[in-house]
Amino acid sequence: MAAHFTDAARDLARFRVRLAIAGAVVVAAFAVLFGRFFYLQVVQHRYYHTKAEDNRIAVVPIAPNRGLIVDRNGVVLARNDSAYTLEIFPRRVADLEGTIDGLATVLDIQPKDRKRFRRLLDESKGAESLPIRTRLTDEEVARFAAHAYRFPGVEIRARLFRQYPQGALASHALGYIGRINDRDLERLEAEGLLARYKGSDHMGKVGLEQSYERELHGTPGFAQVEIDAGGRALRTLSSSAPTPGNNLVLTLDTRLQAVAEQAFGDRRGALVAIEPSTGGILAFVSVPTFDPNLFVDGIDPASWQALNEDPDKPLNNRALTGAYPPGSTFKPFMALAGLELGKRTPEYTIQDPGHFSLPGVSHRWRDWKAGGHGAVNLHRSIVISCDTYYYGLGNDLGVDAIHAFIGQFGFGSRTGIDIEGEKPGLLPSSDWKWKRFKQKWFAGDTISVAIGQGYNLATPLQLAFATAVLANNGVVYRPHIVRYVEDARTGERRAIEPQPERVVKLNPKWVELVKNAMVDVTRPGGTAARAGAGAEYQFAGKTGTAQVVAIKQGEKYDEKRVAERHRDHALFIAYAPADNPKIAVGILVENGGHGGSAAAPIARQVFDYFLLGKLPDRPAAAADDDGD
């Protein structure tokens, strides 16, 4: 019996020990749990409160309004238009194709919309959202809203779209905007500008839209938005407004631009008109043009193919990047070089037999007029555009003297206009030829250069610029298309000051002599007499014809037997009024023939409108041929 009680007491003691241990474990566990709760609820309260708020609140960037572009008279050339877009957030959608198929049962989604979306997806892998449809109607917005619950990761958003109300007018000057792609993002990140583009989908790609991107874009704002579990916005808690981009006020005159573009008719070419006293661009023409509105939403494949396969190359900016032999428009500058460098006097006269030869060389360089012009001095050499006179002058000057002197007028270098992509043209020298071909310069090379042929290349912009410098007696202003940058909030304007860059030192006597000869070019007996007939003002000019394909010695050029795109280019430089220049132009008509017949009539229509307000009722008709 005693043993039985002893075992019971022992078991009870053991039970109490176990109970005490279990109780201690439970107390310890609750202590740990309480400690953890205390740590999370009290010590880490602020941290987890912030995390919870982050799950509930999203910071959404607000894209700024892009600045407007207006011409010198306030005509709007680029503005913003609000519209709704249907956007897919790729990272929030598990099955893109299935989602798009489902959306097509609710809204009209064409194959072109799918193609554009896939292209944008490939080009902009880092984009938060991409549009599958743009410019939705109110009915379409309401229809999607009724089915929105079926499409997580798809939202309707209000966007500002760039609009060019004048269509194709001045499109090569304005350029266009396009969606930001991965290459753009890399460049923005390298330049430290990525934060400025939060919430933005587009940026300038070419033209003024690209050159003045930093002025036009603005600074984004931000909104704190309450979101649901699906990521959809419920309400805005707070916001900071974006800063709109600045506006651009241009030197361009839209009405003059329209007159100049229409003057070309269906011909290809370019025209640049400059205000000599400021360097402001009055008209910037490259025809044919294109409609920049096509690029705003992402150009569709059919339109892109049509623009690229068009043999007239409407996307080519001929005024800025087209490099052509300047032809006889080079001669006034050659004449000035001869006078300034002492190689010619006004009285020096040659007898032109219609050709020129170098001693010991059998080759003959022909004048454009068979049989020649007889007695020719410097004044008459410009008026009738005598090639033979300039063959001899070029040989006497030498290519390096030509390069050094005429380069002061902007030939062979970029003018510095405020549009990116300008080509420098080519004003050759002996050093250039050696570097380019590892060949020495020959005297025969200079003969062709002297009449604006050979290696010579110039853009229509350079022709207008050089003419403006001559009209302005050697005072050089940088060409520019933007007149003011205007603060969109305050209206304060920051002028692009027309300060002279430099001055070409010229003898006023020689400048006046060359200018007088250029006036006589547009009078009876001159190569642009038909274009100058009946004008109510005097204007000065010089015609030019540039070969496209070489002609064998002894053969005669016959325009009617040559394919249209192998015909000579027609050129004309001019300024008006002759006694007080307010406008200077450089004109090129591709494969147009002679400058006097094809290009000079265009200048006449431009001058008539600019100086007299006369609106032409048809494109400039080709005048009878007066020569080179």
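The values are calculated or read from the model by the stated rules, or taken from the named source; none is laboratory data. Everything numeric in this text was worked out from a predicted model, so none of it was measured. So basically every Cβ, Gly included, is an ideal-geometry build from the backbone, and we count neighbours across all protein chains shown. Ligands, DNA and RNA are stripped out before the accessible areas are found, and what is left, the full protein with its side chains, is counted by its heavy atoms. Shrake-Rupley method; radii C 1.70, N 1.55, O 1.52, S 1.80 Å.
Mean separation of Cα pairs under 8 Å and 6+ residues apart, divided by the residue count of the chain: what relative contact order is that in percent?
Averaging sequence separation for qualifying contacts and normalising by length gives 14 percent for the chain.
Alpha carbon centre of the range 165-206 versus the range 320-352: separation in Å?
Spelled out, the Cα-based centre of one part sits 43 Å from the other.
What is the spin-label model distance, in nm, from Arg493 to Ala9 if the labels are put 7 Å beyond Cα along the C-beta direction?
According to this spin-label approximation, the distance is 11.4 nm.
Over the chain, with the other protein chains present, what is the accessible area per residue in square angstrom, probe 1.4 angstrom?
47
Using amide H atoms built 1.01 Å from N in the peptide plane, name the residues 5+ places from Ile583, or on other chains, whose amide H lies under 5 Å from its own.
So Ile583 has HN proximity to Ala576.
Distance between the C-alpha centers of the range 596-610 and the range 128-149? Whole Å please.
Computed from Cα coordinates, the inter-centre distance equals 51 Å.
For a Förster distance of 25 Å, can you work out the FRET efficiency between the beta-carbons of Ile62 and Leu185, rounded to the nearest 0.05?
0.85
When only DSSP loop residues count, what chymotrypsin sites (Phe, Trp or Tyr not before Pro) in the range 332-402 have their Cβ near at most 13 other Cβ atoms within 10 Å?
none
Using per-residue counts of other Cβ atoms within 10 Å, averaged over each peptide, order 154-161, 460-467 from highest down.
Result, highest mean Cβ count within 10 Å first: 460-467, 154-161.
For Leu470, Leu294, what's the largest-to-smallest order of accessible area, 1.4 Å probe?
Leu294, Leu470
On the accessible surface of the chain, probed at 1.4 Å, how many percent belong to carbon and sulfur atoms?
Of the solvent-accessible surface of the chain, carbon and sulfur hold 52 percent.
With a/c under 1.5 counting as rounded, go ahead and sort the range 245-331 into rounded, prolate or oblate using the C-alpha gyration tensor (a ≥ b ≥ c being the square roots of the eigenvalues; past the cut-off, prolate if a/b is larger than b/c, else oblate).
Since a/c reaches 1.5 but b/c is at least a/b, the shape of the range 245-331 is classed as oblate.
If the cut-off is a Cα-Cα distance under 14 Å, which aspartates and glutamates reach Lys440, setting aside same-chain residues fewer than 8 apart in sequence?
Counting by Cα, and skipping residues close in sequence, Lys440 has these aspartates and glutamates nearby: Asp400, Asp431.
Keeping all protein chains in place and using 1.4 angstrom, which order do Glu422, Glu347 fall into by accessible surface area, from largest down?
Glu347, Glu422
Once the Cβ-Cβ distance between Val76 and Arg436 is put in as r, and R0 is 30 Å, what FRET efficiency do you end up with, to the nearest 0.05?
It comes out at approximately 0.05.
Given the pairs Lys313/Lys542; Lys331/Lys505; Lys205/Lys423; Lys313/Lys582; Lys198/Lys423, which are separated by over 25 angstrom at their Cα positions?
Pairs exceeding 25 Å: Lys313/Lys542; Lys313/Lys582; Lys198/Lys423.
For Rg/Rh (Cα atoms, Kirkwood Rh), the listed values are (1) 0.98; (2) 1.03; (3) 1.25; which was obtained by calculation from the structure presented?
Only one option fits the structure, namely (3).
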